[in-house]
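Chemist: So that we are looking at the same thing, I have put the structure below in structure tokens.
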Amino acid sequence: MNSFIQRHAANVMGILSGYDRVRLRGTLRWLANTKGMSSFLFAAQILLKDFKEYAISVTDRVREASERLAASQGRPLVYLPSSAISKEGKARQIAEADNVREGLICVLTCTESCFSYSVGRNREKKKLELRGGRSKCLHHYYYYQHPQWGLMHLRLQTWFPFTIHVCINGREWLARQMDQAGLAYVQRDNCFTQVADVTLAQTLFDEQLKVNWNAPLNALTRQVHPTHAQTFRETPMSYYWSIEESEWASDILFRSPQALADLYPRLIRHGITALASPDVMRFLGKKLPQHGGVNGHFQGEVVTDLKTRPEGMRIKHRLNHNSIKMYDKQGSVLRVETTINDAREMKVYRRKEGDPKGPKRWRRMRKGVADARRRAQVSQAANDRYLESLATVESKQPLGELAGPLCQPVAWKGRRVRALNPFSAEDVGLLAAVSRGEFAINGFRNRDLRGLLFPDSTGTAVEQKRQSGAVTRRLRLLRAHGLIAKISKTHRYTLTDKGRTAITALLTAKQANTAALSQIAA
């Protein structure tokens, strides 16, 4: 990310990275499947023929508790006839009309789809059975101006298994933190266009990663769902909290809307024409084979789409259920945002669940809040990779003027060095290899390039020596043209500013198709 900030330092006030929207899920794990639900009914001595009547009685207690909560705090309870109605918009209207600055704003109720249980007759076995599946039931939305999190809500399913969702906005949370710290800022929608001290604001943002999610979430649940303790008095169970969906955003605050407006079309063009499926996979943490393509075992899809919104254009790259996108907000904020819906696509170095003394290994990331910090690290790394790619987008220089000097021989250390041919397979392969994203931070070595430039190598000592010499000559070619530079006291090389700009432009021109270019030109 530093490369992008450094490239545009004159126009950038700073950067803020942290959670945008986080949707947490509270699950009663015992009741999460039919087998567990059946065992609970057995323990509670509820016959299947009595399940519907029992469930209705529990649901009635939940609804009555919501009515009492709203009445005790003098807040409205409003039924919404359609799930398409914006609940946040309705809550904001009520908060503004009643000047609610803290505490419960309202309780909204709506019938929506959910996973639930019912009892039906099994004709083959000639007996009743418990069935789990998609259904509809009433949900209660409790909107709060929370003292810590700002505007947020809790959604409670009023029928078994009483699943809870809590939705928090990290920017609303940060606003509360900055208020308490006495830090001045300008907030528009869910982003900040000005902050008096960006470094201090980022420090406050980082504090969000230290929260113990279970304690405040359980406290909030007890407040809005007091019947839980009564329902499960004989069979106590607590909610298991997981992160159903997270959006981690990096906001680059530009000094003026004009500065971002001048740059943004080129960033969009780069995202459309220069970023291919392997790039998107790399951004989102997938390992790629050395030949630069896609692993043959990969089963899924990578999709990039461009959408025009009222305030501008948004480009989104999706890898299965996870994504990374870029858009401009409020005219002067460039946002890069990683969304994780399927945490299992990521890895975390941890012990096996249920074995606290076992060995640590790289395992699938869990949705549970125990892996929340690692989720944030993975998301930030994805944003960093994407912004590192955008750091190559700078020059308005015509391509012919940019490529012209590279297509001429040069003298370097008293010796003549040949010209580059941007359209030969050998030179294009070389340029693509040195510009790979994994080399952006630590650079690359001779041996790193050998596997990319000679994928069919047999690996004999003689052949490795020959290939090493060939790579050395190609590195010398790039150094002579000023595209790479040697990192002092190492055997590593890195792209120069000139190299990033020139190579990105040449590869983009090589890969671009007329349809994509026509869409941008329009």
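Chemist: Looking only at region 446-466, which residues are in contact (Cβ under 8 Å) with a residue 12 or more places away in the chain and exposed (fewer than 14 other Cβ atoms within 10 Å of the Cβ)?
Modeler: Filtering region 446-466 for residues in contact (Cβ under 8 Å) with a residue 12 or more places away in the chain gives 446-447, 449-455, 464.
Passing the criteria: ARG447, PRO455.
Chemist: For ASP60, which of the numbered conditions (1) touching a residue at least 60 places away in the same chain (Cβ under 8 Å); (2) not in a strand (DSSP E or B) fails to hold?
Modeler: (1)
Chemist: Right, ALA43: within 28 Å of SER246 (Cβ to Cβ), in contact (Cβ under 8 Å) with a residue 12 or more places away in the chain, surrounded by fewer than 18 Cβ atoms within 10 Å (Cβ to Cβ) and among the small types (Gly, Ala, Ser) or not? Spell out the reasoning first.
Modeler: Working: within 28 Å of SER246 (Cβ to Cβ): no; in contact (Cβ under 8 Å) with a residue 12 or more places away in the chain: yes; surrounded by fewer than 18 Cβ atoms within 10 Å (Cβ to Cβ): yes; among the small types (Gly, Ala, Ser): yes.
Here the answer is no, as ALA43 does not meet what is asked.
Chemist: Condition check: in contact with a strand residue (DSSP E or B) (Cβ under 6 Å, 6 or more places away or on another chain) and closer than 30 Å to GLN6 by Cα. Does LYS486 satisfy that? I'd like the intermediate steps shown before the answer.
Modeler: Numbers: in contact with a strand residue (DSSP E or B) (Cβ under 6 Å, 6 or more places away or on another chain): yes; closer than 30 Å to GLN6 by Cα: yes.
So LYS486 fits the description; yes.
Chemist: If GLY120 passes every condition in (1) part of a strand (DSSP E or B); (2) touching a residue at least 40 places away in the same chain (Cβ under 8 Å) but one, which one does it miss?
Modeler: (2)
Chemist: Whether any residue in region 264-274 is in a loop (DSSP other than H, G, I, E, B), among the aliphatic types (A, V, I, L, M), surrounded by 14 or more Cβ atoms within 10 Å (Cβ to Cβ) and without any contact (Cβ under 8 Å) to a residue 40 or more places away in the chain is what I want to check.
Modeler: Restricting attention to region 264-274, the residues satisfying the condition of being in a loop (DSSP other than H, G, I, E, B) are 274.
Add one more test, that the residue is among the aliphatic types (A, V, I, L, M), and what stays is 274.
From what's left, surrounded by 14 or more Cβ atoms within 10 Å (Cβ to Cβ): 274.
Those left that are additionally without any contact (Cβ under 8 Å) to a residue 40 or more places away in the chain: none.
No, every residue in region 264-274 fails to be in a loop (DSSP other than H, G, I, E, B), among the aliphatic types (A, V, I, L, M), surrounded by 14 or more Cβ atoms within 10 Å (Cβ to Cβ) and without any contact (Cβ under 8 Å) to a residue 40 or more places away in the chain.
Chemist: Looking at THR472, is it hydroxyl-bearing (Ser, Thr, Tyr) and over 35 Å from the mean Cα position of the chain (by Cα)?
Modeler: Working: hydroxyl-bearing (Ser, Thr, Tyr): yes; over 35 Å from the mean Cα position of the chain (by Cα): yes.
When the stated conditions are applied, THR472 passes them.
Chemist: Report yes if some residue within region 86-96 is among the polar types (S, T, N, Q), out of contact with any Pro (no Cβ under 9 Å at 6 or more places or on another chain) and touching a residue at least 24 places away in the same chain (Cβ under 8 Å); otherwise report no.
Modeler: Checked region 86-96: no residue is among the polar types (S, T, N, Q), out of contact with any Pro (no Cβ under 9 Å at 6 or more places or on another chain) and touching a residue at least 24 places away in the same chain (Cβ under 8 Å).
Chemist: Name the residues in region 97-117 that are among the aliphatic types (A, V, I, L, M) and either part of a loop (DSSP other than H, G, I, E, B) or surrounded by 15 or more Cβ atoms within 10 Å (Cβ to Cβ) (or both), would you? First the steps, then the outcome.
Modeler: If we filter region 97-117 for residues that are among the aliphatic types (A, V, I, L, M), which is where we start, we get 97, 100, 104-105, 107-108.
Passing the criteria: VAL100, LEU104, ILE105, VAL107, LEU108.
Chemist: Can you give me the number of residues within region 21-49 that are assigned to a loop (DSSP other than H, G, I, E, B) and either under 25 Å from ASP342 (Cα atoms) or not small (Gly, Ala, Ser) (or both)? Don't jump to the end; show me each part of the working.
Modeler: To start, the set of residues in region 21-49 that are assigned to a loop (DSSP other than H, G, I, E, B) comprises 28, 32-33, 44-47.
Adding the requirement that they be either under 25 Å from ASP342 (Cα atoms) or not small (Gly, Ala, Ser) (or both) leaves 28, 32-33, 45-47.
Looking only at that region, the number is 6.
Chemist: Report those helices (runs of 4 or more DSSP H) wholly inside region 154-231 carrying at least 3 residues which are of a type in the set (A, V, I, L, M, F, W, C) and under 30 Å from SER118 (Cβ atoms). Even if it seems obvious, please write down each step before you answer.
Modeler: Details: elements: 170-181, 198-207, 214-224, 227-231.
Result: 214-224.
Chemist: So which residues in region 336-366 are under 18 Å from PHE298 (Cα atoms) and buried (at least 19 other Cβ atoms within 10 Å of the Cβ)?
Modeler: ALA343, MET346 - these are the residues of region 336-366 that are under 18 Å from PHE298 (Cα atoms) and buried (at least 19 other Cβ atoms within 10 Å of the Cβ).
Chemist: Could I ask something else about it? When you look at ARG23, is it over 35 Å from the mean Cα position of the chain (by Cα) and surrounded by 13 or more Cβ atoms within 10 Å (Cβ to Cβ), yes or no?
Modeler: Numbers: over 35 Å from the mean Cα position of the chain (by Cα): no; surrounded by 13 or more Cβ atoms within 10 Å (Cβ to Cβ): yes.
In short, no.
Chemist: So which residues in region 212-234 are surrounded by fewer than 17 Cβ atoms within 10 Å (Cβ to Cβ) and farther than 27 Å from ARG373 by Cβ? Before the answer, list the steps.
Modeler: Let us first name the residues in region 212-234 that are surrounded by fewer than 17 Cβ atoms within 10 Å (Cβ to Cβ), namely 212, 214-216, 218-219, 222-223, 226, 229-230, 233-234.
Across region 212-234, the qualifying residues are PRO226, ALA229, GLN230, ARG233, GLU234.
Chemist: Something else: Out of the residues in region 131-151 meeting the condition of being over 18 Å from THR27 (Cβ atoms) and surrounded by fewer than 20 Cβ atoms within 10 Å (Cβ to Cβ), tell me which one is nearest to the chain's Cα centre (by Cα).
Modeler: Of everything passing the filter in region 131-151, GLN148 is nearest to the chain's Cα centre (by Cα).
Chemist: Let me ask something else about it. Can you confirm whether region 240-260 contains a residue that is in a helix (DSSP H, G or I) and β-branched (Val, Ile, Thr)?
Modeler: Applying the first criterion (in a helix (DSSP H, G or I)) to region 240-260 yields 257-260.
Within this subset, residues satisfying the condition of being β-branched (Val, Ile, Thr) are none.
Within region 240-260, not a single residue is in a helix (DSSP H, G or I) and β-branched (Val, Ile, Thr).
Chemist: Wholly within region 278-394, which strands (runs of 3 or more DSSP E) include no fewer than the required count, namely at least 3 residues that are at pLDDT below 90 and farther than 17 Å from ASP20 by Cα? Show your work before the answer.
Modeler: Details: elements: 302-309, 312-319, 322-329, 333-340, 347-350, 361-364.
Of the strands (runs of 3 or more DSSP E) lying wholly inside region 278-394, those with at least 3 residues that are at pLDDT below 90 and farther than 17 Å from ASP20 by Cα span 302-309.
Chemist: Does region 6-20 contain at least one residue that is surrounded by 13 or more Cβ atoms within 10 Å (Cβ to Cβ), in a helix (DSSP H, G or I) and not polar (S, T, N, Q)? Give the steps one after another, and end with the answer.
Modeler: Taking region 6-20 and keeping what is surrounded by 13 or more Cβ atoms within 10 Å (Cβ to Cβ), we get 7-8, 11-20.
With the extra rule that they be in a helix (DSSP H, G or I), the set shrinks to 7, 11.
Restricting the remaining residues to those that are not polar (S, T, N, Q) gives 7.
Yes.
Chemist: Residue by residue through region 467-511, note down the ones that are assigned to a strand (DSSP E or B) and surrounded by fewer than 15 Cβ atoms within 10 Å (Cβ to Cβ).
Modeler: Going residue by residue through region 467-511, those that are assigned to a strand (DSSP E or B) are 484-486, 493-495.
Hit for region 467-511 is LYS486, nothing else.
Chemist: While we're here: So, in region 128-182, how many residues would count as being among the small types (Gly, Ala, Ser) and in contact (Cβ under 8 Å) with a residue 60 or more places away in the chain? Step through it out loud before you land on a result.
Modeler: Residues of region 128-182 that are among the small types (Gly, Ala, Ser), as a first pass: 132-133, 135, 150, 170, 175, 181-182.
Those still in the list that are in contact (Cβ under 8 Å) with a residue 60 or more places away in the chain too: 132, 170.
Selection size over region 128-182: 2.
Chemist: Still on this structure, please answer the following. Which of the residues belonging to region 310-364 are touching a helix residue (DSSP H, G or I) at 6+ places or on another chain (Cβ under 7 Å), in contact (Cβ under 8 Å) with a residue 40 or more places away in the chain and closer than 20 Å to ARG375 by Cα? So that I can check it myself, show each step before the final result.
Modeler: Quick first cut of region 310-364, residues touching a helix residue (DSSP H, G or I) at 6+ places or on another chain (Cβ under 7 Å) only: 313, 315, 317, 319-320, 322, 324, 326, 328, 331-332, 334, 336, 338, 340, 343, 346, 348, 364.
Narrowing the set further to residues that are in contact (Cβ under 8 Å) with a residue 40 or more places away in the chain leaves 313, 315, 317, 324, 326, 328, 331-332, 334, 336, 338, 340, 343, 346.
Result: HIS317, ILE324, MET326, VAL336, THR338, ILE340, ALA343, MET346.
Chemist: Does GLY103 meet the test of being under 29 Å from the mean Cα position of the chain (by Cα), over 14 Å from ARG155 (Cα atoms) and small (Gly, Ala, Ser)?
Modeler: Values: under 29 Å from the mean Cα position of the chain (by Cα): no; over 14 Å from ARG155 (Cα atoms): yes; small (Gly, Ala, Ser): yes.
Judged against the criteria, GLY103 is not a match.
The values are calculated or read from the model by the stated rules, or taken from the named source; none is laboratory data. Just so you know, these numbers come straight off a predicted model, no measurement behind them. When we count neighbours, we look across all protein chains shown, and the Cβ atoms used for this are built from the backbone with ideal geometry, even at glycine.
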